[in-house]
């Protein structure tokens, strides 16, 4: 597999009030961005726990993006 | 911030590149900034490569076990108390600089996590593989001989493992939840 066709599975933890709304706005205004991120909405970034991130990697995620 | 720093140190311990995680901020009105952040992050992960393969040869199974034990350890009482205490101390001192946070995590949270992770891993090894020598356990879990010895001692005091000859056996494992 070359670096060119590797499509990483990325898990995104987005804050409902900030990054999630920003992602929404990006969609509405038709900005192009990579489709690799699977989003989990949390009510606040402070909700995110060490365990969430470790389990995400345990389930095979290639990266975890936390957006506040 | 404390969680993010703890996360980086813990990931390094379990053998995952800490660059795989990111903590970024974009407000609801900053769609272009969000797009830029995501694009940059995805290309960074792409350049690191797939989980496991990029970390080294035949590391996938090992990292998988480390992560399984790590996830359990992250919810352990000791680790949580350490995180809470550190947050309280930092709030009291009012100094939130990255250096102070990193130092606090290294001193207080990380040792608790590592001990807890190794304990979990010793138990997983003993219940899945069966009787092991302490040198094998040390090799599989990535812990030092001394660390493993201490953990086995604690576990045997709790009557969770026992020694016969040079092998260690798990007692009543496999059907218990932490």
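Readers should treat all values here as calculations from the given coordinates under stated rules, not as data from a laboratory. What you are looking at is a predicted structure, and each value in this text was computed from that prediction instead of being measured. Cβ placement follows ideal geometry from the backbone for every residue including glycine, while neighbour counts extend to all protein chains displayed.
Tell me, B:132, A:59, A:15 in order of fewest to most beta-carbon neighbours within 10 Å? Kindly include the intermediate steps, with their values, before the conclusion.
On the way: B:132 20, A:59 12, A:15 24.
Taking fewest neighbouring Cβ atoms as first place, the list is A:59, B:132, A:15.
For the protein assembly as shown, what is the percent of antiparallel DSSP beta bridges, rounded to the nearest 5?
Rounded to the nearest five, the antiparallel share is 30 percent.
Rounded, prolate or oblate, given the Cα gyration tensor of the protein assembly as shown, with a/c below 1.5 counting as rounded? Display every interim value, and only then the final one.
Values: a/c = 2.59, a/b = 1.68, b/c = 1.54.
The shape class here is prolate.
Okay, helix-only estimate at 222 nm for chain B: each DSSP H run of n ≥ 4 adds -39500 (n - 2.57), divide by all residues, round to 500 deg cm²/dmol; what do you get?
On the way: 8 runs with 110 residues, N = 178.
My calculation for chain B gives -20000 deg cm²/dmol from helical runs alone.
Give me B:153, B:36, B:30 ranked fewest to most by other Cβ atoms within 10 Å of their Cβ, as a rough exposure proxy. Before the final figure, lay out each step's value.
Numbers: B:153 12, B:36 15, B:30 18.
So the ranking, lowest neighbour count to highest, is B:153, B:36, B:30.
Sort B:41, B:169, A:33 by Cβ crowding within 10 Å, fewest neighbours at the top.
Details: B:41 24, B:169 13, A:33 17.
Final ranking by Cβ density, sparse to dense: B:169, A:33, B:41.
List the residues of segment B:141-170 whose backbone N lies under 20 Å from a point placed 7 Å from the Cα of residue B:133 along the Cα-to-Cβ direction.
So the set is B:141-153, B:162-170.
Using only Cα atoms and rounding to the nearest 10 degrees, what angle (0 to 90) does helix B:77-93 make with the longest principal axis of chain B?
In chain B, helix B:77-93 runs at an angle near 40 degrees to the longest axis.
Quick check: the angle from helix B:2-14's long axis to the longest principal axis of chain B, C-alpha only, nearest 10 degrees?
Taking the Cα atoms of chain B, the angle to B:2-14 is about 50 degrees.
Considering every residue in B:60-67, what mean count of other chain Cβ atoms within 10 Å of its Cβ is obtained? Please report the intermediate quantities before stating the final value.
Values: counts 1, 0, 0, 2, 4, 1, 3, 8.
Averaged over the peptide's residues, the number is 2.
Treating the angle as unsigned and between 0 and 90°, give the value, to the nearest 10°, between the Cα long axis of helix B:31-48 and the longest Cα principal axis of chain B.
Once rounded, the angle reads 40 degrees.
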